[in-house]
Structures are given as structure tokens and as C-alpha cells.
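Asker: Can you read through this structure? Questions will come right after.
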Amino acid sequence: MIAPNLASRPHLNTRPVWIVTIVAAFLALLFAVINTSVWLKSSHSLEEQILLYEQLEQDYDRLTTEVGRQADDLNRVPWKSLTARVNGVNSVIREHEFSWIGLLDDIERVLPYDVRLTKITPKVDADTVNLSLAAIGRTREALLEFLDTLISDPSFSDPNPLSEMTPEESGFGYVLNLTVVHHPGEVAP
């Protein structure tokens, strides 16, 4: 059965409509305030960013000019002659650090009793010493023994005989001129 409506005018419940309207208005006002504050902050931040950008451009221009000036200064440096002078100084330092005692000890170890050296000319490199030697021996076998010991000793490498003279040619014994590479750091067994 249907219940009849006895009211002269029907009752409308508008309370939910008003609540929704007030909440929507409050949210609209809240979003408007947030949007305004974000816009103000972003415009303020944008001004800072523009100032920072201009400052960075000025720094970039200044640094570019400075780098260009320094590059020009470096281009004026005579690198080839400077390199030659540095190599010359390094060569002098290596020659002063060269140990004659170590060299003579190594030569004494490999030199047979019947062989005498009349000339030792060192040329000092970074880690080796190129030697030019002139040796006089009583016999040719003594000179060959000297060459064999140079070959077998770890302190020496690449012995290269340049010339040989007999007693008839030299007038006093067998003469051998040779070059050899000396390794000062190597230890003989």
C-alpha cells in the first residue's frame, strides 16, 4: 500500500545540497589561494633564475676569455727547445748518478786475467749504459773468453765486436774494440 502525502506542500531536504555547495566553495577558495602562492613563488623563483642565468653567462664569458688568454700564453712557449733542454738536464742528472764503482765491479767480475782494458767510454741512457770498450789480450782465446762472459752475464747484453787486431798489426798484443750494453740494476748470480 502507498502512504499518502498529507502535507500541503512537499518537504524538500536541501541540507545535502548546501553542504556540497559550501565544501565546493571552500575547495575552490583553497585551490585559488594555493595557485596564487605557487604563482608568486614561481615568479619570484623565475626572477632568481634569470639573475642566476645572467651571472653564469658573465662567468662563462670571463672564463672563456681567461682560457683563451692562457691558451695563447701556452702557444707561445717554445716546447721543442724546452723539451730538448729538459732532456739535456735529465741526461746530466743520469750521468751524475752513474756509479763508476758498480760498473768497474761488474767489469772486474767478467774480465779474464789475461785481458786488460785500455778504454771505457760510457753513454748513460735512462736505465742502461752503452759502453765502448778497447781490450788488449795476451791470446785470442782470452778475448773470446771475455766475449763469452759478457754474453752469459746478466749485467751485460748485446756485446758487439767492432774491430780486432793481431799482435803483428798492433805491435803489442791482440786488440779488440767492442760495444756492450750494461744494466746497472741487474745482479749477477
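Asker: Bin width 5 Å, alpha-carbon pairs only: give the P(r) of the range 122-177 as whole percents, running from 0 to the bin holding the largest distance.
Answerer: 4, 18, 25, 23, 15, 9, 5, 1, 0
Asker: Given the rule -39500 (n - 2.57) for each run of at least 4 DSSP H residues, summed and divided by the residues of the chain, what is its mean residue ellipticity at 222 nm, to the nearest 500 deg cm²/dmol? The partial results should precede the final answer.
Answerer: Details: 5 runs with 108 residues, N = 189.
Result for the chain: -20000 deg cm²/dmol, rounded to the nearest 500.
Asker: Next question. Determine the per residue accessible area of the range 81-189 with all protein chains present and a 1.4 angstrom probe, expressed in square angstrom.
Answerer: On a per-residue basis, 61 Å².
Asker: Okay, moving on. Give the ranking of ILE2, ILE107, ILE93, ILE120 by solvent-accessible surface, highest area first, calculated with a 1.4 Å probe.
Answerer: ILE2, ILE93, ILE120, ILE107
Asker: Still on this model: Which entry in (1) 129, 44, 30; (2) 158, 58, 25; (3) 51, 38, 30 matches Cα extents along the principal axes in Å derived from the coordinates of this structure?
Answerer: (2)
Asker: Using the beta-carbon distance between GLU168 and ILE101 and R0 = 45 Å, what value does 1/(1 + (r/R0)^6) give for FRET efficiency, to the nearest 0.05?
Answerer: It comes to 0.75.
Asker: Next up: Hey, can you rank 43-54, 156-167 by average C-beta count inside 10 Å, highest first?
Answerer: Listed from highest to lowest mean packing, they are 156-167, 43-54.
Asker: Loop-only check: which chymotrypsin sites (Phe, Trp or Tyr not before Pro) in the range 68-121 are DSSP coil with at most 16 other Cβ within 10 angstrom?
Answerer: Of the chymotrypsin sites (Phe, Trp or Tyr not before Pro), the ones in loops of the range 68-121 whose Cβ has at most 16 other Cβ atoms within 10 Å are PHE98, TYR113.
Asker: Report in % the part of the accessible area of the range 1-115 that belongs to carbon and sulfur, leaving out ligands and nucleic acids; probe 1.4 Å.
Answerer: Of all accessible area on the range 1-115, carbon and sulfur atoms account for 66 percent.
The values are calculated or read from the model by the stated rules, or taken from the named source; none is laboratory data. All of these numbers come straight from a predicted model, not from anything done at the bench. A quick note on method: Cβ atoms are made from the backbone with ideal geometry, for glycine too, and the neighbour counts reach across all protein chains shown. Protein only, heavy atoms only, side chains kept; ligands, DNA and RNA dropped before computing areas. Shrake-Rupley method; radii C 1.70, N 1.55, O 1.52, S 1.80 Å.
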